[in-house]
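The values are calculated or read from the model by the stated rules, or taken from the named source; none is laboratory data. Every value quoted in this text rests on a predicted model; they were computed, and no experiment measured them. Quick reminder, even Gly has a Cβ in these numbers, built from the backbone with ideal geometry, and neighbours come from all protein chains shown. For accessibility, only protein heavy atoms count, side chains too; no ligands or nucleic acids. Shrake-Rupley method; radii C 1.70, N 1.55, O 1.52, S 1.80 Å.
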Amino acid sequence: MFPAEKFLIPRPLKTRSEFSVAWFYPNTYTVGMAGLGYQLVFRLLDADEDIGVLRGFTDMEEPGISGASIFGFTFSWELDYANIVSILRKHNIPVSAKERDESHPLIFGGGPVLTANPEPFADIFDIVLLGDAEVAVPSFLSAYREARKASSRRQQLLSLANADGIYIPQFYEVQYHDNAKQGDGSIAAITPSVSGVPAYPRKKVFAPPPDYVAHSMVLSPETAWGNMFLVEVVRSCPQECRFCLASFLTRPFRATNVDALIDAVELGLKHTNKIGLLGPSVTEHPKFDEIAARLRGREDLSLSIASVRADTLSENILSTLVSLGQKSVTIAIESGSERLRSIMKKNLTEEEILHAVSLVEAAGLESIKFYGIAGLPHETQADLDETVRLLTHLKKKHKRLRFVFGISSFVPKAQTPFQWNGRDKDCGKKLEYVRKHLSKIGIDVRPESHNWSDIQALLSRGDRRLHPILKSVEENSGNLGAWKKAIKEANQNIVSMPNVKDYYIFRDIPREEILPWSHLQDEEKTQYLGKHNDSALALSLQSSAQS
Ligand code: SF4
């Protein structure tokens, strides 16, 4: 236990420990303990009376963690991989799974990065957990108990390989159309390299009981949100915007039971007044009005919610937010162009955006933040101009409100309908175009680094051949310069490697090509994503023909 922590649920009394788990977040304590995902798995592990659980971060660890039988990582942000490598090195564990022997702990990982596409990190992890933690973690623990009876590390992994929601990367072989022999470098096949392991490992999906609610287990003033109690309101999102990982990776959409959610909030309020409602888009909860009504007027409550959909805002919700101390609201519009919003399936009209901003001003909030994305598939200059036009119009109309516009550039994510679409090479120019036009009318424009978005795309659509690049970057401080150098060296020295940036980041991947994560995504889902992608193209062609 770390100083200043308060456990909200009694921990089981542990008189013996069958084995111990080192549970790491690959970033600082402040970041790691502020996330519900890390806390959720900690709670699942810690609930087992016979397992010792020790937590670790990049800046602090519980004593004795080095001696744990297995090391686990939650992996929510691609660029944290360098911290995973550093933690392994610090504990004298070889970075590559192939170099570990009987003296080393098994290394497992889970979380959105690994569930979407674990392949760039396949060399690091002995075991990857796929799917919702509530089912993947218990399945893993029970399989690991059985596997521990096996005589060798390899036999243990073989035993684990058949458990639901478990993927053992080293038991799969990837063949490529060799670039050096005039191939295009694409994947030729992904097949099991040992007999008896599933050809298509599948993720586990949690069907929550009616009273289930995921919430914080530990509060600490040292976390990023400082003693904020987090409650999950929804998982996934029914809107299925075509770029959105949060919607597609965790399908099906699940909404927390309102009574259970309010009970959880009451538990949190016994210890803090800061409550954070979590979910990709919390106002998608079919009974969000009821939740707002039951929280309204609570003087002991300071509420925080992430971004909301413009078309779900109502006077009721906004007045509740104001009564609970919220001064700002965030709306993701993605683009000011009706045409592009329809291509990305944002399901949001300009009228709804205009109405939402009027409601925000009328409710007395001080500021409004918009999210946008430049470089989405099928975007034209006219679409960018539409974004500038819409925000200019809104700013002129709502002079009292402070406007912030956070704009990123499109990163294709594995397991979404836009997984086949490459990044726009002109993203940097597009971000600057928007910034220049909107800054001068008093909007606080906050563009994200397009160079780092390139790296995110590389990791998001990458495969096992990236391992030497990842290793080199980690050894050379992990900054952008290290990435550029490592990519250049790979292009020069690894003959079988296609041009790294063009191949992984910028190209549109042909639909028939085997993707690095094809063996982890069932055919039905691939077809579903393909239909979405086709619809986007058809809408784009249709609008071009009409103009
Ligand atoms: S509304 Fe937001 S959370 Fe929902 S699918 Fe669209 S982008 Fe994702």
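Among the residues that make up the range 411-418, is at least one of them more than 20 Å from residue 533 (Cβ to Cβ) and modelled with pLDDT of 95 or more? The answer is no, given that none of the residues of the range 411-418 is more than 20 Å from residue 533 (Cβ to Cβ) and modelled with pLDDT of 95 or more. Of the residues making up the range 198-220, those that are more than 30 Å from residue 274 (Cβ to Cβ) and buried (at least 19 other Cβ atoms within 10 Å of the Cβ) number 3.
Here's the yes/no breakdown for (1) within 19 Å of residue 331 (Cβ to Cβ); (2) in contact with a Cys (Cβ under 9 Å, 6 or more places away or on another chain):
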position	(1), (2)
402	yes, no
411	no, no
416	no, yes
438	yes, no
443	yes, no
447	yes, no
456	no, no
460	no, no
463	no, no
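With a requirement of 3 or more residues that are more than 23 Å from residue 382 (Cβ to Cβ) and open to solvent by less than 50 Å² (accessible area, probe 1.4 Å), the helices (runs of 4 or more DSSP H) lying completely within the range 282-359 that satisfy it span 288-295, 315-323.
Residue pairs whose Cβ atoms lie under 8 Å apart, sitting 6 or more positions apart in sequence or on different chains, and linking a residue in the range 247-264 that is in contact (Cβ under 8 Å) with a residue 24 or more places away in the chain and of a type outside the set (Val, Ile, Thr) to a partner that is within 16 Å of the ligand (Cβ to nearest atom) and assigned to a strand (DSSP E or B), are 253/234; 253/235; 254/234; 254/235; 255/234. Of the residues that make up the range 395-410, is at least one in the same structural domain as residue 343 (by TED's automatic domain parsing), open to solvent by less than 20 Å² (accessible area, probe 1.4 Å) and within 26 Å of residue 531 (Cβ to Cβ)? Taking every residue of the range 395-410 in turn, at least one turns out to be in the same structural domain as residue 343 (by TED's automatic domain parsing), open to solvent by less than 20 Å² (accessible area, probe 1.4 Å) and within 26 Å of residue 531 (Cβ to Cβ). If you filter the range 531-547 down to residues that are under 12 Å from residue 342 (Cα atoms) and modelled with pLDDT under 95, you find that the one that is least open to solvent (accessible area, probe 1.4 Å) is 543. In the range 173-185, is there at least one residue being surrounded by fewer than 21 Cβ atoms within 10 Å (Cβ to Cβ) and within 26 Å of the chain's Cα centre (by Cα)? Looking through the range 173-185, at least one residue is surrounded by fewer than 21 Cβ atoms within 10 Å (Cβ to Cβ) and within 26 Å of the chain's Cα centre (by Cα). Residue pairs whose Cβ atoms lie under 7 Å apart, separated by 6 or more positions or on different chains, with the first residue in the range 319-337 and in contact (Cβ under 8 Å) with a residue 40 or more places away in the chain and more than 24 Å from residue 448 (Cα to Cα) and the second among the aliphatic types (A, V, I, L, M) and outside any strand (DSSP E or B), are 319/363; 322/363; 322/365.
Between 277, 261, the distinction of being within 16 Å of the ligand (Cβ to nearest atom) and either in the same structural domain as residue 58 (by TED's automatic domain parsing) or open to solvent by less than 30 Å² (accessible area, probe 1.4 Å) (or both) belongs to 277 only.
Would you check if there is a residue in the range 419-431 being part of a helix (DSSP H, G or I), touching a helix residue (DSSP H, G or I) at 6+ places or on another chain (Cβ under 7 Å) and closer than 24 Å to residue 112 by Cα? Yes, the range 419-431 contains at least one residue that is part of a helix (DSSP H, G or I), touching a helix residue (DSSP H, G or I) at 6+ places or on another chain (Cβ under 7 Å) and closer than 24 Å to residue 112 by Cα. For the criterion of being of a type outside the set (A, V, I, L, M, F, W, C) and within 30 Å of residue 276 (Cβ to Cβ), residue 183 fails.
So is residue 252 open to solvent by 50 Å² or more (accessible area, probe 1.4 Å), under 28 Å from residue 114 (Cβ atoms) and within 16 Å of the ligand (Cβ to nearest atom) or not? Spelling it out, residue 252 is indeed open to solvent by 50 Å² or more (accessible area, probe 1.4 Å), under 28 Å from residue 114 (Cβ atoms) and within 16 Å of the ligand (Cβ to nearest atom). For residue 31, the criteria (1) open to solvent by 60 Å² or more (accessible area, probe 1.4 Å); (2) assigned to a strand (DSSP E or B) hold in every case but one, which is (2). Looking across 81, 38, one residue alone is farther than 24 Å from residue 411 by Cα and either within 15 Å of the chain's Cα centre (by Cα) or outside the structural domain of residue 139 (by TED's automatic domain parsing) (or both). It is 38. There is no residue in the range 364-381 that is open to solvent by less than 10 Å² (accessible area, probe 1.4 Å), aromatic (Phe, Trp, Tyr) and part of a helix (DSSP H, G or I).
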